[in-house]
Amino acid sequence: MTVEQPISRYSPEFDVAVRGDTITADRYISKEWMELERDRLWPKVWHLGGVTAELEEEGDFIRHNFGKESVIMVKQADGSIKAFYNSCPHRGNRLILGDAGSTPRITCGYHGWQFDPDGTLVHVQDPDDFAGGNPCGKTKLSELRCETWGPFVFWCMDDDVAPLHEWLSPFPERLKGYKLENWVRVLNVSADANFNWKIIRDNFNESYHLPTIHPELATFINDGLPTTLFEMYESGHNAMWMIGHQATTRKDYVSGDVPPGLYEAAEAWGIDPKEYRGRTNDIREAVIKAKREKGAERGYDYSEMTDQQLVDYFHCTLFPNLTITMSPEQCQILRTEPHPTDPEKCVFQHWCLYPPVEGMTEIDTPVGRAPFRHDAIHRHSVYGDGVSVGYVADQDLSIGTTQQQGLNSRGFKGCLLPGQEKRIQRFHELLNDYVKGGA
Ligand code: FES
Ligand SMILES: [Fe+2]
């Protein structure tokens, strides 16, 4: 007798074969792996450094600490942005110690050397005391690549990596309809956590954990198979389309009352949920219609979004460590970055951006209601100390430490993955290529 099994659905257009490399525990635990990643992975990818909203006038700067590295991005007189290593060419002192600010001259706190926003050294103490003559005008800060996409600034340490737009492909094209350019980052939170950065990467590369870790999402997000569509690209990035405004098909939510979550989502668009008793799946279409009819009068610009974008969740998982989760009214940036020295720790970051809506002064974020302005909620915490990094993200992080502990067991022999976790398999194979193959 055969039992019907749910089958994972991969886009025929965007699918990539995997080899079946064993995913062993050392990559989550050992210093050797961490150092190989530092030398062979992190220099070879683009890193999201911040948002352009903080870089308006010449001399405005933002800083991004990444592992042992620190990078500053500085607005130039011609409107462009340059990125520099945050290290003084005199004797290496870190130049910028805050997250963001503005200065006509970047000044080192040790011996007072000063640099123009374009990185040129313009002032030193005792300029005639150098064998080669006054170094001003000749010495520059060490520069790295810096490019922008939408509201985001990225930096890259390697000159051979593809230009940013090419590297991000296909997302700039696929996300165009959301018009992210002028969205505002309201939430900017981060936390130190006691697990390797890849623990949460794996988590974002699968939806298998939704019924257990986020059971309440099932009433308004359909996490069932094969409804959920996975896309995998040659570049190593991947995506997941998850049907929203519809309850999961893992249980029968269709034939009875409209479940909570979906109920509120319908009411929010003036739809009477009681009319959908016994046919709750029809709410999704009704919301599409309502958004088309009432979106503009409520201040939203849905004009270039597809019907699917109006109601579903598009999770974009970029290799190696950046996730962009899109809905028409919220863009979530979720990522983990390595700890400077400890492979069993990481830094988790969560940003939320929102489209500007005329007259809107407050907004609901994953950590509560906030004023609608740049970085209204901006904080760093230690995971586990009771400070939320977002309701759903807290749930994801809740398994991180115990998974890290279990991976340290001599009894763990490597992951055993179902078909729907192929994106995890692919992630680790690509990582193997970078780290072990020296790609
Ligand atoms: S280390 Fe920067 S001025 Fe000396
Ligand atoms: Fe999750």
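The values are calculated or read from the model by the stated rules, or taken from the named source; none is laboratory data. Keep in mind it's a predicted model, so treat the numbers as computed, not measured. Using ideal geometry, Cβ is built from the backbone for each residue, glycine included, and neighbour counts are taken over all protein chains shown. Please note that ligands, DNA and RNA were not included when accessible areas were found on the heavy atoms of the full protein model with its side chains. Shrake-Rupley method; radii C 1.70, N 1.55, O 1.52, S 1.80 Å.
List of remarks:
- Filter result (in contact with a helix residue (DSSP H, G or I) (Cβ under 6 Å, 6 or more places away or on another chain) and open to solvent by less than 40 Å² (accessible area, probe 1.4 Å)) within the range 358-384: 366
- Filtered by the rule that a residue be surrounded by fewer than 19 Cβ atoms within 10 Å (Cβ to Cβ) and within 17 Å of residue 319 (Cα to Cα), the range 146-159 gives 157, 158.
- Members of the range 116-143 found to be part of a strand (DSSP E or B) and either within 12 Å of ligand 1 (Cβ to nearest atom) or surrounded by 19 or more Cβ atoms within 10 Å (Cβ to Cβ) (or both), listed by number: 121, 123
- Only a single item in (1) out of contact with any Leu (no Cβ under 8 Å at 6 or more places or on another chain); (2) part of a helix (DSSP H, G or I); (3) open to solvent by 10 Å² or more (accessible area, probe 1.4 Å) is not met by residue 201, and it is number (3).
- The range 414-434 residues that are at positive phi, paired with ones that are of a type outside the set (S, T, N, Q) (beta carbon under 6 Å, 6 or more apart): 414/23
- Residues (within 15 Å of residue 153 (Cα to Cα) and either among the β-branched types (Val, Ile, Thr) or near ligand 1 (Cβ under 10 Å from one of its atoms) (or both)) located in the range 62-115: 62, 71, 72, 74, 81
- Tally, over the range 36-89, of residues that are open to solvent by 10 Å² or more (accessible area, probe 1.4 Å), in contact with a Lys or Arg (Cβ under 9 Å, 6 or more places away or on another chain) and at positive phi: 1
- For the range 34-58, the set of residues classified as farther than 30 Å from residue 102 by Cβ and in contact with an Asp or Glu (Cβ under 6 Å, 6 or more places away or on another chain) consists of 44 only.
- Selection within the range 252-288 - surrounded by fewer than 17 Cβ atoms within 10 Å (Cβ to Cβ) and in contact with an Asp or Glu (Cβ under 6 Å, 6 or more places away or on another chain): 277
- Any pair with Cβ under 8 angstrom, 6 or more apart, that starts in the range 192-216 at a residue that is over 19 Å from residue 322 (Cα atoms) and not assigned by TED's automatic domain parsing to the domain that holds residue 385 and ends at one that is open to solvent by 10 Å² or more (accessible area, probe 1.4 Å) and away from ligand 1 (no atom under 16 Å from the Cβ): none
- If only residues of the range 176-213 that are basic (Lys, Arg) and either touching a helix residue (DSSP H, G or I) at 6+ places or on another chain (Cβ under 8 Å) or within 20 Å of residue 405 (Cβ to Cβ) (or both) are counted, the one that is nearest to ligand 2 (Cβ to nearest atom) is 201.
- Condition met for residue 75 (farther than 19 Å from residue 164 by Cα and modelled with pLDDT of 95 or more): no
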